[in-house]
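Values quoted throughout were computed directly from the atomic coordinates according to the rules given, and no laboratory measurement underlies them. Keep in mind it's a predicted model, so treat the numbers as computed, not measured.
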């Protein structure tokens, strides 16, 4: 019928993905790289929380990192699912700040102030790597939710780096 043709836009709107699904390669790479990065930070925190007789400030920091990053892992996994992207990257991409298995073994073996120093030093380097990835996302990302998360990561991890440097200086 004349006047009833709404063109293809009505059809494409009905079949378009959710608004949050709009993303680019930078968004996908950010989430795919940040997942193992955050998982390792949680693992490092768990190593510290299993140690006896640590300074209360170190315990609080490890708990804070674990508490902050676990939900971010869930959020980034959700982003990738919505975007139809795999949770792991193909190819070889190095991530700044990642600890080697030898580094993690040393952290597991360390005790007391030695463990605290190692944790603070390693986690500072780890966070600096995350900042690099998050700042790239802020500059190059398209998905507003992912960019907002990246900005939040920059803010929280810069603050934690400052706290860790203060704690390290006090040891």
Calculated log₁₀ intensity ratio I(q)/I(0) where the Debye formula runs over C-alpha points of segment 23-170, q = 0.14, 0.21 Å⁻¹: -0.64, -1.27
Gaussian network model of the chain, Cα within-10 Å springs - most flexible of 116, 96, 74: 74
Along each principal axis, Cα extent of segment 67-110, largest first, Å: 41, 30, 13
Crossing angle, helix 144-170 versus the chain [Cα axis fit, 0-90 degrees, rounded to tens]: 10
